[in-house]
């Protein structure tokens, strides 16, 4: 159960990100938000390096880490661009459909089971996204 608390924090923080990002975009442009996010990452990375929690090294997993970083950065840019043009509730709802992508990629690359229950769960997520985006 060590995964539950950080997962719940992730849900809260990503949910709040749609609102805080939209509020920031009232006065700034998406590159400004990326700058502030990047500065935050520099502070955290510096702390981890200084305290010995990590070190700069290249291993087989480093390439996956680099791809993960590229996806996180480009995804955040896409979110801020979308928030700059759309309603926070619609943008956040549609972005919440990512479990469908995770389900398919985890089945294809991690050999995780593609069960009826998991497919049904993702179908419910997608249905929820549709309801949230067409509701007025």
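None of the figures in this text is laboratory data; all of them are computed from the coordinates on show. Note that the structure is predicted; figures quoted are calculated from it, not measured. Here the Cβ is made from the backbone with ideal geometry for all residues, glycine too, and neighbour counts use every protein chain on show.
Using a simple spin-label model with pseudo-atoms 7 Å out from Cα toward Cβ, residue 28 and residue 120 lie 4.4 nm apart. Restricting to DSSP H runs of at least four residues, report the calculated mean residue ellipticity at 222 nm for the chain, -39500 (n - 2.57) per run over all residues, nearest 500 deg cm²/dmol. Dividing the helical sum by the residues of the chain leaves -26500 deg cm²/dmol. Using C-alpha pairs under 8 Å with a sequence gap of at least 6, the mean separation divided by the residue count of the stretch 40-136 gives a relative contact order of 25 percent. Model label points for residue 89 and residue 73, set 7 angstrom from Cα along the Cα-to-Cβ axis, are 3.5 nm apart. At the listed q of 0.08, 0.11, 0.14, 0.16 Å⁻¹, the Debye profile of the chain, built from one uniform point per Cα, gives log10 I(q)/I(0) equal to -0.29, -0.55, -0.88, -1.11.
Can you give the FRET efficiency for residue 102 and residue 42, using 1/(1 + (r/R0)^6), R0 = 25 Å, r = Cβ-Cβ distance, to the nearest 0.05?
Values: r = 28 Å, r/R0 = 1.12.
E(calc), rounded to 0.05, equals 0.35.
Treating r as the C-beta distance of residue 111 and residue 59 and R0 as 22 Å, the FRET efficiency rounds to 0.50.
Arrange the peptides 107-117, 68-78 so that the one whose residues have, on average, the most other Cβ atoms within 10 Å appears first.
Highest to lowest by the protection proxy: 68-78, 107-117.
Remark: the Cα gyration tensor places the stretch 85-136 in the oblate category, a/c being 1.5 or greater and a/b not exceeding b/c.
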